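First comes the structure, then the notes that go with it.
The values are calculated or read from the model by the stated rules, or taken from the named source; none is laboratory data. Bear in mind the structure is a predicted one, so any value in this text is a computation, not a measurement. Don't worry about glycine lacking a Cβ; one is built from the backbone with ideal geometry, like all the others, and counts go over all protein chains shown. Areas reflect the complete protein model, heavy atoms only, side chains present, ligands, DNA and RNA absent. Shrake-Rupley method; radii C 1.70, N 1.55, O 1.52, S 1.80 Å.
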Amino acid sequence: MSDFKVFWEEAVKVLYSEYENLNRTEEFNLWIKAIDYVNSHDTTIVISVPSTFFKEQLIRRGDISKLQNFICELSGQNISFEFEIKPKELKSSDNTPNNTSFTKNNSVNVNTKTNDNSDTPNLTSKKTDKQHPQLSERYSFENFVYGDNSVFAYNATLAVAKNPGKAYNPVLLYGGVGLGKTHLMQAIGNYAWKESNAKIIYITAENFTNEFIKALGQGQVAISKFKDKYRSVDILLIDDIHFLQKKDGTQEELFHTFNALYDSNKQIVFTCDRPVSELKNLSDRLRSRFERGLNVDLQPPDYETRRAIIEKKLEESNKTIPSDIIDFIAHNIASNVRDLEAAIMKIVAYNELINKKEITIETASQLLRDFISSPKQSNLGIDTIIKVIAEEYGLSSSDIKGKKRTKNIIMPRQIAMYIAREITEFSTTEIGAEFGRDHTTVVHSCQKIEESIQSDSKFDSKIQLLIRNIKDYKKSI
């Protein structure tokens, strides 16, 4: 069969049902109804989207993967997708799928051919012409907009990238979520990767821990391979070391890995969400290693820097929005760069689809209402988190804390555990006790949610919205 239109239309209806069940029909209308079925040949479906930006966001969101799976189930064939860029004005905004088809995919089977040859770029090395498997090309020094809050961190990490193991060693970057820690850390790796044949490993502390635990379970040979892997690198980049708290075995291994690299003049870089002095349950000798070199604090960007970041992001994506809207975003979203990027993406997507008239401050205020929230609240209890999550998913607190493992309960329970770990000072053992489970269940749940966040930007937005709701709920009590 070469005409997949009937399967495409059926898949869109199934996807619409999913959105409807989640009360997200407006989101369906914004993203999915903007995609048009063009034609199909062999086992390839050709679809059109309004812009390259729109295509890239659709791929990140994951709806195409769902549509591809639906079509494969219906037709019994493996299909791929081809994209055409066709600017258009959004048509009717009714709440049901029409007869035209829409698609997108994040699957490895997706063929993202476009007529503008501007697929998501790959990191290439001048020396190897290959992408580093663990680093993102978008994290470069050229793409980092620094201000008074980050100029010291920028200059320090650039110096490290130019002279790894010699300028400053180790380096610890610390600060809140979305302030550029991972960006600068990976920029070091990208710079060194392009300019030399350095052996570089980037890994989160959680994955480092999981890999170590796996090696322990496989015996001495696996442990030896693990040690050789991490002690033979030129640059070791470990993200989110706050995860190492209460992980005594992993701390011991990292201590010895640190010593081996440091004594060999190999570069070590860490990131953390707070100063090392504020980390609980960390061995004194490992703490001393973290504090031995250069510790750099990243603060939220000021207004001028936020505006420069917005303008830089728009330039990179070849997009424009009115100056007063840029000013509105810069004034009202002061939390972090991640929120700024998400706000820009939403405004640009709206502007491309609803292009009958220029976007206004009133419209921007409505679109970004979830980003313009109240200040962060402290001393949150796990009971509050469970209550808000339960209400969001139509469950009771006893459902979340209970023993049932039905699909509609497992995900909310994992989300509650993840948020508890992210916004409270409770250990995974303490969190597990609140749910009647051990700490390994909490670690597993957090890992599952993090995987979903990394593969689906919309899910990430959902989690951030839940966190804001939890903080606002606590404030209203």
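Restricting attention to region 430-469, report how many residues are within 20 Å of Glu391 (Cα to Cα) and hydrophobic (A, V, I, L, M, F, W, C).
The qualifying residues number 8.
If I go through region 260-308 residue by residue, how many of them are touching a strand residue (DSSP E or B) at 6+ places or on another chain (Cβ under 8 Å) and more than 26 Å from Ala192 (Cα to Cα)? Don't jump to the end; show me each part of the working.
Here is the first cut: in region 260-308, the residues touching a strand residue (DSSP E or B) at 6+ places or on another chain (Cβ under 8 Å) are 261-262, 266-276, 279, 290-291, 293-298.
Those left that are additionally more than 26 Å from Ala192 (Cα to Cα): 274-276, 279.
Result for region 260-308: 4.
For region 144-188, what are the residues that are assigned to a helix (DSSP H, G or I), open to solvent by less than 10 Å² (accessible area, probe 1.4 Å) and either over 15 Å from Thr271 (Cβ atoms) or touching a helix residue (DSSP H, G or I) at 6+ places or on another chain (Cβ under 8 Å) (or both)?
Result: Ala153, Thr157, Val160, Ala161, Leu184, Met185, Ala187, Ile188.
Inside region 350-361, can you point out the residues that are part of a helix (DSSP H, G or I) and either at pLDDT below 85 or on the phi > 0 side of the Ramachandran plot (or both)? It would help to see each step written out before you state the result.
Going residue by residue through region 350-361, those that are part of a helix (DSSP H, G or I) are 350-353, 361.
Correct list: Tyr350, Asn351, Glu352, Leu353.
Kindly indicate whether any position in region 312-321 is farther than 24 Å from Phe141 by Cβ and in contact with a helix residue (DSSP H, G or I) (Cβ under 9 Å, 6 or more places away or on another chain).
If we filter region 312-321 for residues that are farther than 24 Å from Phe141 by Cβ, which is where we start, we get 320-321.
Adding the requirement that they be in contact with a helix residue (DSSP H, G or I) (Cβ under 9 Å, 6 or more places away or on another chain) leaves 320-321.
Yes: region 312-321 contains one or more residues that are farther than 24 Å from Phe141 by Cβ and in contact with a helix residue (DSSP H, G or I) (Cβ under 9 Å, 6 or more places away or on another chain).
Report those helices (runs of 4 or more DSSP H) wholly inside region 404-477 carrying at least 1 residues which are within 22 Å of Ile241 (Cβ to Cβ) and over 23 Å from the mean Cα position of the chain (by Cα).
It comes to 428-434, 439-455.
Just one of (1) within 21 Å of Lys280 (Cα to Cα); (2) crowded, with 20+ Cβ neighbours inside 10 Å; (3) more than 21 Å from the chain's Cα centre (by Cα); (4) not β-branched (Val, Ile, Thr) trips up Ala390, so point out which.
Single failed check for Ala390: (1).
Report, ordered by the first and then the second residue, all pairs with beta carbons closer than 8 Å, sequence separation of six or more or different chains, a first member in region 258-279 that is closer than 21 Å to Asn190 by Cα, and a second member that is among the β-branched types (Val, Ile, Thr) and open to solvent by 10 Å² or more (accessible area, probe 1.4 Å).
Going by the 8 Å Cβ cut-off, the qualifying pairs are Thr271/Thr182.
If I ask for residues that are farther than 15 Å from Glu252 by Cα and among the polar types (S, T, N, Q), which ones from region 204-218 would you list?
Those that are farther than 15 Å from Glu252 by Cα and among the polar types (S, T, N, Q): Thr204, Asn207, Gln218.
Condition test on Leu216, is it open to solvent by 50 Å² or more (accessible area, probe 1.4 Å), among the aliphatic types (A, V, I, L, M) and not in a loop (DSSP other than H, G, I, E, B)? I'd like the intermediate steps shown before the answer.
Working: open to solvent by 50 Å² or more (accessible area, probe 1.4 Å): yes; among the aliphatic types (A, V, I, L, M): yes; not in a loop (DSSP other than H, G, I, E, B): yes.
It is true that Leu216 is open to solvent by 50 Å² or more (accessible area, probe 1.4 Å), among the aliphatic types (A, V, I, L, M) and not in a loop (DSSP other than H, G, I, E, B).
Being part of a loop (DSSP other than H, G, I, E, B) and either of a type in the set (Phe, Trp, Tyr) or open to solvent by less than 40 Å² (accessible area, probe 1.4 Å) (or both) is the filter here; which residues of region 189-209 pass it?
Within region 189-209, the subset part of a loop (DSSP other than H, G, I, E, B) is 196-199.
Within region 189-209, Ala198 is the sole residue that qualifies.
Go through region 277-300 and give me each residue that's open to solvent by less than 20 Å² (accessible area, probe 1.4 Å), modelled with pLDDT of 85 or more and not in a strand (DSSP E or B).
Going residue by residue through region 277-300, those that are open to solvent by less than 20 Å² (accessible area, probe 1.4 Å) are 279, 282, 286, 290, 296, 298.
Still in the list and also modelled with pLDDT of 85 or more: 282, 286, 290, 296, 298.
The answer is Leu282, Leu286, Phe290, Leu298.
With (1) in contact with a Leu (Cβ under 9 Å, 6 or more places away or on another chain); (2) open to solvent by less than 40 Å² (accessible area, probe 1.4 Å); (3) modelled with pLDDT under 95 as the list, and Asn259 as the residue in question, which single condition is left unmet?
(1)
Select, from Lys229, Lys246, the only residue that is part of a loop (DSSP other than H, G, I, E, B), open to solvent by 40 Å² or more (accessible area, probe 1.4 Å), out of contact with any Pro (no Cβ under 7 Å at 6 or more places or on another chain) and in contact (Cβ under 8 Å) with a residue 24 or more places away in the chain. Steps first, please.
Numbers: Lys229 fails: part of a loop (DSSP other than H, G, I, E, B).
From the options Lys229, Lys246, the qualifying one is Lys246.
This table checks each residue for (1) closer than 26 Å to Asn143 by Cβ; (2) free of Cβ contacts under 8 Å to residues at least 60 places away in the same chain; (3) open to solvent by less than 60 Å² (accessible area, probe 1.4 Å).
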residue	(1), (2), (3)
Ile329	yes, yes, yes
Ser335	yes, no, yes
Leu340	yes, yes, yes
Glu352	yes, no, yes
Ile359	yes, yes, yes
Thr363	no, yes, yes
Gln366	no, yes, no
Phe371	yes, yes, yes
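Is it the case, given these coordinates, that Ile463 is closer than 18 Å to Ser397 by Cβ and either touching a residue at least 12 places away in the same chain (Cβ under 8 Å) or crowded, with 17+ Cβ neighbours inside 10 Å (or both)? Please lay out each step first, then the result.
Numbers: closer than 18 Å to Ser397 by Cβ: no; either touching a residue at least 12 places away in the same chain (Cβ under 8 Å) or crowded, with 17+ Cβ neighbours inside 10 Å (or both): yes.
So Ile463 fails the test.
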